[in-house]
Amino acid sequence: MGKIITQWFLYKRFFACWFCMLFAMLFGLSFQVMAQGRDDSKVDDSKMILIITSYNPDVEKMASITDAFDRAVKKSSENYNIMVESIEVRQMMDIDTWTQKIKDIIYKYNNSRWNLNHIVLVGQEAWAGFSNMDTVFKDLSFSIIYASNYSLLVKKNDEGNVETRVIDTEKRAREMGKSTGFLLRYDVDKAFNLVKNIYPSLEYIAFLSDNSYGGIAMKEYFSKTFKNAYPDFNLVLLDGSKMSPLEVGKKIAEMPNNSSVFIGTWRVGNDGSFFTQASLRELFKMAPAQMPVFTVSGLGLGDVAIGGFIPQHDYSADDIASNIFNNIIKNPSHTSSFIYSEGEYIFSDELIKKNGIRRNQLPKSAIVESKTDEKIKQYEKYIIYEIGFIFILTTLSIVLFRVNAKTKKLKNELEANGKVLLIEKEKAERSEQLKSAFLANMSHEIRTPLNAIVGFSDLMTTTNDIEDRKEYVKIIHENNQLLLKLVDDVLDISKIDAGFIEIMDEEFDVAVMLDEIYMSYKPTIPENINFILQKPVASCMTCLDKNRIKQIITNYLNNAKKFVKQGSITFGFELKENGIKFFVADTGIGIKQEDIPRLFTRFEKLDPFVQGTGLGLSICKAIVDRYSGEVGVDSVYGEGSTFWAFIPCVYAKEDIVEEKNTPIVEENFDEGLFNDVSLEEKQDIKILFANGDSHENVIVKKVLEGFNVVMAQDGIDAIEKGVTSSWDLIVVCIDLPKLDGIEVIEQIREIHNDTPLYAIVEMGKNNQGDKAMMAGATGFYSKPIKIKEVVEAVNRIVKRKRDEKNQKEKPA
């Protein structure tokens, strides 16, 4: 027994020690927790912006304003925390809970832990709950966003019904404390007078609203204002908070003929259900046919409503956040201020026509909108382009199908004739191979520009950058031209297959035609390639199909451009006894002798990696064959080629000049033109010659050798040199790279009023001569430049210089 008692005392002492250790550990832990709690309770040095939203803050409009405040704070050097809370408004039945929710949120943050500085109320419901508070905020400032110029003081009576009273939003806000806001202004007078002016005999006005806070507030405001201002009119309230949609629709159907309906809101039913746009249309299906419907909120515009005076959200979320943050939050001394949206008269084009309303009955500032989707309308022309391309592809498919069907038919006929037609059969088989290669090649050739057209057309709808759009349009245009060239070649070859090709002869000047080709091709030729035109006469009149002759020469030039990397491309014509021989010579890669017979065969391409259909040369041959002419090529592999076409014809030539390897300048210079002018006199004459044509520049330099001549290659270079030095003579070509020659003349004339300044123009092109004279030119020369004119101008300068020198040396 004693042993048991002794063991009990030992256990008791053990448990007592264990309990004391446990208590000490718990006490220490609780002390640490308390210490941590005290650290957490320290006041945060940063300030707080509390955003209270009516709905879920993830809703687009709510999210936009919270993100905007976040961006405004990040731009500031001060430290602000942003907290977002929502009262989660679902229906008007919860209205008695809104104020309590907002109180709880404010009390949650307005304590020693937080340094609450400003409250942002987003939405009408958030403001309604806040405005029903009895508290007056002296130390806090608040702002109101996405609310209207009127609001309701609301409460539930003992029976559970909502009692409301319309109040002025700004007035109530100022009573509660330092405040600001961005409010929508609803103007009953403008809305009513608009309808009254269009329909003078109007006697009944109906107002449609729903069971949302906005609907009830709008109904109370409209009803109060309308009855005070227009007591002689009958006001009918289509109250969705008390009536079902069926009852509202029935009441609309029973409206008298001299009635009009104003749409306020239609989103929530009297049972808390939500409506769609289709529900609004159902309401007015049974309405009298001639009863006009207008809107004060924008709801139903273009669907059931003709139009109305509608408030506009004039400020973005970033503008609102920045204004509040900089003027109110960061500036406590700033007084309360409210900004109201401006309204606009907006109408539906379709419905004003349907209701017989004339444009002159509408306010002058009215905006008339079409129901057509603006984005589709903006890119309508590009959609038309794509439809055109589909049509082209369909046409191309038909043409290719015809070519395929004809080839198969020819093959079957050759096989039926047996050995007698064996050679023809082999030709058909060869044609079948060429056709297959052609189809494969065409598939690639068509897809290349089409992919670019479709791809960049899609990009056009995704960018608002003007420079990107210009670049996309340029690419689409280039590939459009390429696709059209492919289609033209295929259509031409189909006409040849059908046994006819159109020839429309007209009288024209061959020399002038080649000048036109030279001027159009010159900008496309790389600078390291000399582009030369050779003409044996200044004028050569004949009667041929001008467009077909151009087609031959341009096809030859296009081939030359593909294969010439450096050297020269020379084209022109030669006069033969019974016709004209056109030629294009290049210093390209040349052609092997064994490949020359294949050149003018359709579908043939010596280099499959070079873009093209392989039809161009065969079309040239078909055109020349119609004139009973001849085509050919002279080539040395590795050195170059000369493609030519001889057309029998009658021609009349004038002004025979020696055939020279010169470009557009038609006169040859004489090395003795300035023999009587000393080198000293030449050096004393400074001439600025601004011309982008390197070949003409070579001629001018040679003619004016010894003179102090400075060349400018483009418009910007010409201005820099022209205004920074004095000159005795200035010559400016109108068609200058980088800057138009007219602008160059105007800017140089501001510095040099008396210097002789001549322009080089193309006669008949955009009245260049007249424009040059108006810009300040002394005179102008027409292309091609005449050496005689240049010499005369320089001789006048020489004579003037000599006269001035003699006058100075003459004794007084």
- Inter-site label distance for ASP684 and SER279 at 7 Å from Cα along Cβ, in nm: 9.8
- Query: Between SER782 and ALA366, what length comes free when the chain is fully extended (0.36 nm per residue of separation minus the Cα-Cα distance, one decimal in nm)?
  - Reply: 144.4 nm
- Task: Mind checking the full-extension length gain between THR601 and LYS61? Use 0.36 nm per residue of separation minus the Cα-Cα distance, one decimal, nm.
- Result: 187.6 nm
- Message: Can you compute the modelled spin-label distance between GLU247 and LYS406, with each label point 7 Å from Cα toward Cβ, in nm?
- Response: 8.0
- Take each of the peptides 584-591, 505-512, average the number of other beta-carbon atoms within 10 Å over its residues, and list them starting from the highest. 584-591, 505-512
- Going down the list LYS738/LYS788; LYS108/LYS330; LYS171/LYS242; LYS61/LYS138; LYS561/LYS686; LYS224/LYS285, which pairs span over 31 Å between their C-alpha atoms? LYS561/LYS686
- On full extension of the chain, what length is gained from LYS474 through PHE338, given 0.36 nm per residue of separation minus the C-alpha to C-alpha distance? 44.1 nm
- Message: Once you place label points 7 Å from the Cα toward the Cβ at ASN464 and ASN257, how far apart are they in nm?
- Response: 4.9
- The Cα extents of segment 231-281 along the principal axes, largest first and rounded to whole Å, are 35, 21, 17
- Task: For each pair in LYS470/LYS522; LYS190/LYS219; LYS653/LYS702, compute the distance between the two Cα atoms and list the pairs where it is over 19 Å.
- Result: LYS470/LYS522; LYS653/LYS702
- Compute the FRET efficiency between GLU639 and ILE517 as 1/(1 + (r/R0)^6), taking r as their Cβ-Cβ distance and R0 = 25 Å, and round to the nearest 0.05. 0.50
- Once the mean of 1/r over all distinct C-alpha pairs in segment 127-259 is inverted, the Kirkwood radius in Å reads 16.8
- Item | Check: segment 107-198 dipole with +1 on Lys, Arg Cβ and -1 on Asp, Glu Cβ, in debye | 260
- For segment 134-225, what % of the accessible area comes from carbon and sulfur atoms, probe 1.4 Å? 43
- Message: Using only the Cα atoms of segment 67-211, what are the Rg and Dmax in Å?
- Response: 18.8, 65
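The values are calculated or read from the model by the stated rules, or taken from the named source; none is laboratory data. Computed from a prediction, not measured in an experiment: that's the story for all the values here. FYI the Cβ positions are ideal-geometry reconstructions off the backbone, even for glycines, and counts take in every protein chain you see. Surface accessibility is based on the protein's heavy atoms, side chains included, excluding ligands, DNA and RNA. Shrake-Rupley method; radii C 1.70, N 1.55, O 1.52, S 1.80 Å.
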